[in-house]
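Below is one structure; the comments refer to it alone.
The values are calculated or read from the model by the stated rules, or taken from the named source; none is laboratory data. Only a predicted model underlies this, so the values are computations on that prediction, with no experimental measurement involved. Glycine gets a Cβ as well: all are built from the backbone with ideal geometry, and neighbour counts include every protein chain shown.
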């Protein structure tokens, strides 16, 4: 019976493992095909059938295709042995869609089983019958589901509820109304278990059919704590959406931002509440970032893609929710009961339930009560390592909008050595966000510990975090600077020539952080610059040297000491020019040029000498970029370089010279780059959603419904048709067929295509709001790292400005960073490039109606593989045009039309 | 490759990174996209082999996704392994790793990620409970049971039955009797013939007709202490995460009430579904109808503790290419009961080339991945345990500039270090013979000492 026993039992241990495996299905998994399976299936003994089926399942588990046994397996569906049945079902479900015709053979047996007295048999039959998903039997299944929905057994009713989405997946229009009806019945079921399953069915079958919820809203709320945990997650989401669609947002909640902005007095009233809550006397301006909150709430309602694509920043702010209506949780019973019934769920054992409940309170609860979500969320951090990361991603958004919530709980975000890198990075960011005057001391102490962490990438992040904290709390700037300076003086950076790349990353980050802090207030940090420059000789990492040399040029006029030592420093860098790496060379050139063009009067001669020396060296450099920059500067600075005529015989006409002067002036002189507050551009999705973790709208992601949309029936209708997407305006076409369709619509004459103007916006705007944004992505949570991103783009901008003359893309700081993944996000291209418009119908041919269409760059909310077409109807005649019918030619199944009168 | 991952799938340029053939498949799927949540679950062994696949919907997920996943894992290493949510070019993946087994679930649509992760964790819990541990062999040996469990736990991508007590009644766990029986008769069935009564009762976690000759109920407080001691030796964080574990064997449908002497120490709590919220809200009493057998009644958290049972004092000095390390361990605040299973574990920095570590008590092991484990067990009366030795640094390094973190493990039986105390356990209807037992245990959790 066990041939392998004799062969392998050399050692006792092996024998014992075999003994252990006796009686399990091990031999079936190891060697499923060692006997002929087919005859076993036809055996009259259940045990042999079982064995054959197990072998087949083993083959399925291992990835083999055993669908050729389908006919023989189907025969066994009528077996009386429950085990055989179960195994047959498992097999059937796996292959039914591949062999639909043979699968039909099993239907009779299912029908019979549905009448069985054993509820388990009925439930299994129903599950399998619905699970094989054949169009042909859909009506039969629907009847069965309807019957089972009234079954005395809770388990069977539950299975009926889960069978509904399977039917819905077949997309049979004629059945949908019946399906929704059954969902409605199951939602009113007495058993909480059934209600949970019905909620899941509701959310996948008819998530916008709010009337079904409206009828039972109160009952659903009160039953919520008793529903089984998985159902709770779905039901919470449904109730939240309903409450918003029905009553709108809550006036006292985080979502109601506009009001708080306009009436700052009400904000002040709240402030004492906050300060008691936040314990420590937090700067009132900091505790509630209303702009951020407003962005978040918009994102929740509109979806970030739509929100961010809206043309301009000012537009975003001024555009209030057009139809937004507000309610108050004090006198709205529905909102009150929802908050009441979700609050015990904070005690749930299931982390997803806790997060879902926290989401409801985040959106609906009055601001002073949001504090309730904090402890449960922090408790979740301990549940499992995988969920840890997801919870942190959500906490990050909460903490960004309302730092005071988590401010006193900062030690929960202290980093453990077992945390994954992503988790560590998230925790660092959250720590930066929530740091306050009272907690900063402990947080900085922690950061100092992290710098010694063996994970150097993380250590570099910790250094960056110190810089961010200093920016956030200017009081701490000098303390942070001191620490950072001390770090750069560590002998392991300076003494050791072959510092590893990661080590260098930490150093570069430290110097970048210093630069960032200095930038806030250069004159008061003059000494720091001096010290850095003094250390220049001992710092060997090219990127770090480059930044310091850049600072010399940038702050050459700041304070009193720097101008005095400037010549010496320049001499030093000129002397070491030849041995530098090319990025340092480039910065040296920049610095020399900057100082030269700024200098007047004394020392001019020495400066010119240095500049000529450096330029000469540069022009003989191996690297063509350095050579190019050298040549360029020579031309540009020809007038500054002094009396000597240039070797090349280019006669610079006076006005040309003037032009060059102006150019140089612009390039090198201190310019107050007026940065308008950078619009907060990160994507926020509903708390607890998948999209929030992957930071793009996952297919099927739906923002919250528009507030108060089910008050007005007409509005609802329009909304639904719009959201359904199968409506008229968004066409479900994949790329190829999309273009075919385009030609169907007879856009043959190329003359019709009119190219939109590009790049109409001014240069300035381009700079402030770059079209293509390259951002640091080491945190895998890019968009949310607002401060970092903002700084990043500022820095990029500087470097870009510096390097502009020769090559805009050699962003030195970019190169100097530790290798990290980068994210390139193209945002809001519509603003600059208007999509091409194609003419669909000429006004001459269309009785005065002109129809244009464009392929919009908007992302469809249905699927990423669907192209959105925007059609513009314009009435060029005087008369009213009515009954415009838009018809889809390809999918004859769904001729959707939309009529409107203009 | 990571960039590809980070690219928003939904952006209009998403199609550009599929090859044309692939795009066709994907877009077909997208058009008849299913609303179901999880589409498929894969179980991968620690060598990347797909041991099992369970398709949950009609829209089958090809195994090639696992190949993609494993390739990514090999190329990105640990940081990928610890990423719970992954966006692949075709699917979103959720992964939970338990004892070398990777549980991988796929979806194409928006769903709460915690739901998927929590579900995978439940699957892992149930499986390791059924199979008494998790490893490649037991899963392969019991693949039928795994299939049946997965089928019962999830229907059409939505969790169906996850309550372990009910699952146990529907699908019998493998035990020695059934194994022997199957050897003798060649026949075994682990599928229950009847539906467990609990599925229809109003207490879905308990079968109604349970009879015991001896009624017993045991309540255990099991706590884990988390602490961080920073490089200056200051305690920056100390808290306890505890569980109230109950093992009940009581006839009929008992109604229990458990109260604490000092519920005010609890900072936050989470309950098993059987606990009624109302009595807790008003009187901090746990009132519940227990499931039969072992279960976790409640978990709790006690923050801002001030005393830790053990001190660990690491000292590292270095000069001239080598470092001297010494770690001292001793009792700081005597909990009143013996502390045992003490161990200190740390990761040697990667720049350490060789070590020579000795301890005056206990056993020191240095694993191949430079993890050093010092097992002390109990602290002897006469001397303080001391680990000392030298770390030889790599060539060119003069001194150590990164320092390891020491993870401390310990166990104290008979004491809940949070100070939480059970007051009494009451039954509404007292059965004729009832034995009640209370125990407590504290373990070291994330107890870290930085050096």
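Please note which helices (runs of 4 or more DSSP H) are completely contained in region A:129-218 and include at least 1 residues that are farther than 27 Å from residue A:102 by Cα and either touching a strand residue (DSSP E or B) at 6+ places or on another chain (Cβ under 8 Å) or facing chain B (nearest Cβ under 10 Å) (or both). I'd like the intermediate steps shown before the answer.
Working: elements: A:138-148, A:154-169, A:173-187, A:192-205.
Passing ranges, in order: A:154-169, A:192-205.
Note on region B:278-295: among residues that are exposed (fewer than 15 other Cβ atoms within 10 Å of the Cβ) and closer than 30 Å to residue B:209 by Cβ, the one that is farthest from the chain's Cα centre (by Cα) is B:278.
Taking region A:104-128, which residues are in contact (Cβ under 8 Å) with a residue 12 or more places away in the chain and either touching a strand residue (DSSP E or B) at 6+ places or on another chain (Cβ under 8 Å) or not in a helix (DSSP H, G or I) (or both)? Listed by number, the list holds a single entry, A:127.
Looking only at region A:340-376, which residues are at the interface with another protein chain (Cβ under 10 Å from one of its Cβ atoms), surrounded by 24 or more Cβ atoms within 10 Å (Cβ to Cβ) and under 20 Å from residue A:429 (Cβ atoms)? A:355, the sole residue that qualifies. Taking the numbered list (1) surrounded by fewer than 17 Cβ atoms within 10 Å (Cβ to Cβ); (2) outside any loop (DSSP other than H, G, I, E, B); (3) out of contact with any strand residue (DSSP E or B) (no Cβ under 6 Å at 6 or more places or on another chain) in turn, residue B:252 passes all entries but (2).
Taken as a whole, the structure leaves residue A:126 outside the set of residues that are farther than 26 Å from residue A:67 by Cα and either away from chain B (no Cβ under 13 Å) or under 43 Å from the mean Cα position of the chain (by Cα) (or both). Where strands (runs of 3 or more DSSP E) fall entirely within region B:64-177, those with at least 1 residues that are within 27 Å of residue A:126 (Cβ to Cβ) and more than 10 Å from chain A (Cβ to nearest Cβ) are at B:101-107. Only a single item in (1) out of contact with any strand residue (DSSP E or B) (no Cβ under 6 Å at 6 or more places or on another chain); (2) on the phi < 0 side of the Ramachandran plot; (3) at the interface with another protein chain (Cβ under 10 Å from one of its Cβ atoms) is not met by residue B:291, and it is number (3).
Can we say residue A:527 is surrounded by fewer than 18 Cβ atoms within 10 Å (Cβ to Cβ) and touching a residue at least 12 places away in the same chain (Cβ under 8 Å)?
It is true that residue A:527 is surrounded by fewer than 18 Cβ atoms within 10 Å (Cβ to Cβ) and touching a residue at least 12 places away in the same chain (Cβ under 8 Å).
Take the conditions more than 23 Å from residue B:60 (Cα to Cα) and without any contact (Cβ under 8 Å) to a residue 24 or more places away in the chain and apply them to residue A:65. Does it pass? The answer is no for residue A:65.
Before we move on, is residue B:50 touching a strand residue (DSSP E or B) at 6+ places or on another chain (Cβ under 6 Å), closer than 30 Å to residue A:88 by Cβ and modelled with pLDDT under 85? Judged against the criteria, residue B:50 is not a match. Taken over region A:219-229, the criterion of being over 20 Å from residue A:246 (Cβ atoms) and out of contact with any strand residue (DSSP E or B) (no Cβ under 8 Å at 6 or more places or on another chain) is satisfied by A:225, A:226, A:227, A:228. Taking region B:361-451 as the region of interest, the strands (runs of 3 or more DSSP E) fully inside it that hold 1 or more residues being within 14 Å of chain A (Cβ to nearest Cβ) and surrounded by fewer than 16 Cβ atoms within 10 Å (Cβ to Cβ) are B:371-377.
What's the total number of residues in region B:218-238 that are farther than 22 Å from residue B:272 by Cα and either in contact (Cβ under 8 Å) with a residue 60 or more places away in the chain or not in a strand (DSSP E or B) (or both)?
Within region B:218-238, the first condition is being farther than 22 Å from residue B:272 by Cα, and the residues that meet it are B:226-238.
So of that shortlist, the ones also either in contact (Cβ under 8 Å) with a residue 60 or more places away in the chain or not in a strand (DSSP E or B) (or both) come out as B:226-235, B:238.
Of the residues in that region, 11 qualify.
Per the conditions (1) at pLDDT below 80; (2) away from chain B (no Cβ under 13 Å), the sole criterion not satisfied by residue A:492 is (2).
Scanning region B:43-59 for residues that are surrounded by 16 or more Cβ atoms within 10 Å (Cβ to Cβ) and in a loop (DSSP other than H, G, I, E, B) yields B:45, B:56, B:57, B:58, B:59.
If you check B:123, B:109, which single one turns out to be under 22 Å from residue A:394 (Cβ atoms) and either surrounded by fewer than 24 Cβ atoms within 10 Å (Cβ to Cβ) or under 13 Å from the mean Cα position of the chain (by Cα) (or both)? Break it down stepwise before answering.
Numbers: B:123 fails: under 22 Å from residue A:394 (Cβ atoms).
Of the residues listed, the single one that is under 22 Å from residue A:394 (Cβ atoms) and either surrounded by fewer than 24 Cβ atoms within 10 Å (Cβ to Cβ) or under 13 Å from the mean Cα position of the chain (by Cα) (or both) is B:109.
Looking at region A:562-571, is at least one residue surrounded by 18 or more Cβ atoms within 10 Å (Cβ to Cβ) and touching a helix residue (DSSP H, G or I) at 6+ places or on another chain (Cβ under 6 Å)? Taking every residue of region A:562-571 in turn, at least one turns out to be surrounded by 18 or more Cβ atoms within 10 Å (Cβ to Cβ) and touching a helix residue (DSSP H, G or I) at 6+ places or on another chain (Cβ under 6 Å).
When residue B:100 is tested against (1) closer than 19 Å to residue A:696 by Cβ; (2) in contact (Cβ under 8 Å) with a residue 40 or more places away in the chain, exactly one condition is not met: (1).
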